[in-house]
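One structure is given here, and the rest of the page talks about it.
Laboratory data are not the source of any read-out in this text; all were calculated from the coordinates shown. In this text, all values refer to a predicted model and were calculated from it rather than measured experimentally. Here Cβ is always computed from backbone atoms with ideal geometry, including for glycine, and neighbour counts include all displayed protein chains.
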Amino acid sequence: MSKRTWTLLTPPSQGAIAIIQLAGNVTTTLSQITSRSNWIDGRLYLVDILGIDEAVAVQINNQLAHIMPHGGMQILRKLAKLFSELDIEQTDEPQFPEAQDEIDSAMLRTLSIAESQLSVELLLKQPDKLRGVTPLEDDLNRATILNHLIYPPKVVLLGSPNTGKSTLMNSLTKQDTSIVHDLPGATRDAVGARINCGGLVLDLYDLPGFRDSDDAIEQEAITIAKKIMTEAVLTILIADETHDWFETDNHAIRIATKSDIKDKADSDLCVSAHTGENMEALTQLIRDAIVPPKVLKSDKPWFFPGSYSPTDE
């Protein structure tokens, strides 16, 4: 009997729908985990997975199938436990029978885990661009940037206490992610959220204001926040008319808050989280600062990460 495996074909994060590939004697597997025993190759069925969830399922052939349950993390955990109980091994090597070669296969694998929608059209174009091509230094530098479309980059908000960082964070995430209070230092820990900025998915952190205090917990939070800042690909410096900008050697943009009260002349953009002024422009500015339009629109090949040899004819 061939080894039975399962592979998650969608990003390992909360989503509307998950896609799971089953391999190796899938007729037996599908019969074990669903309410259906008869399967016709290529036909979609709505099935119940042992009380865990309803899912759409399709048997591609007797060695390959896909099930598509809801994408909640609790459902995925329950399915992982079920597969383990049935000795179905998890693997990170999905099969793509439609792929022409290893480059096609690597592209489809990358497409399945890419977080940003901006990656889709670009990735689909890459196999034809990559075959028989040797990467140059410029290609590798461009790939480093474009890879942010696959793996969400870290972005931090950095500014003095009471400059409106938390209010801005809540506006960008469209939820009460950070504590908002007039008391300086109300944000004592780095608060993070995954957001979509014009098609680029990123992890945004509201860092605590860096200041001296006798509060050991706050100082520990600041230490952790400084580590996050060193890993960030972009720092969003926050200030208003009454505060100065923090100094940083990181790649940064200057965003002035509270524009409904007064603009700050030396900023890259003035916004108001309260009125919504320039908030859409801010998301575009953040995206373009991480993945510049000239890189996104380049016709040159993208040497995305994966197991393939583009120089092989």
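Key figures
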item	result
Residues in region 232-246 reached by a label modelled at E277 [backbone nitrogen below 13 Å; 7 Å Cα→Cβ]	241
Antiparallel DSSP beta bridges within region 5-90, as percent of all bridges there, nearest 5	90 percent
Rg over Rh, two decimals, region 5-90 (C-alpha only, Kirkwood Rh)	0.92
Cβ crowding within 10 Å averaged over residues, with 42-52, 125-135, 98-108, 17-27 ranked highest first	17-27, 98-108, 125-135, 42-52
Phi-based couplings in Hz for region 247-252 (Karplus 6.51, -1.76, 1.60; Gly and Pro marked x)	8, 8, 8, 6, 4, 9
Estimated FRET transfer efficiency when R0 is 35 angstrom, pair E85-L140 (beta carbons, to 0.05)	0.20
Cα extents of the chain along the three principal axes, largest first (Å)	70, 48, 35
Efficiency of FRET between I40 and E98 - r from beta-carbon atoms, R0 22 angstrom, step 0.05	0.70
In degrees, nearest ten, helix 216-231 long axis to first principal axis of the chain (Cα)	60 degrees
Whichever lysines have a C-alpha closer than 30 Å to that of K297, once near sequence neighbours (fewer than 8 apart) are set aside	K125, K129, K154, K174
Amide hydrogen neighbours beyond the local backbone of V201, cut-off 5 Å, H modeled	S116, Q117
Table column - 3J(HN,Hα) (Hz), region 261-278, Karplus curve with 6.51, -1.76, 1.60, x for Gly and Pro	9, 6, 6, 10, 5, 8, 9, 7, 7, 9, 10, 10, 5, 6, 9, x, 4, 6
Counting DSSP beta bridges with both ends in the chain, the antiparallel % (nearest 5)	60 percent
Residues Q32 and S298, FRET efficiency given R0 of 35 Å [Cβ-Cβ distance, rounded to 0.05]	0.15
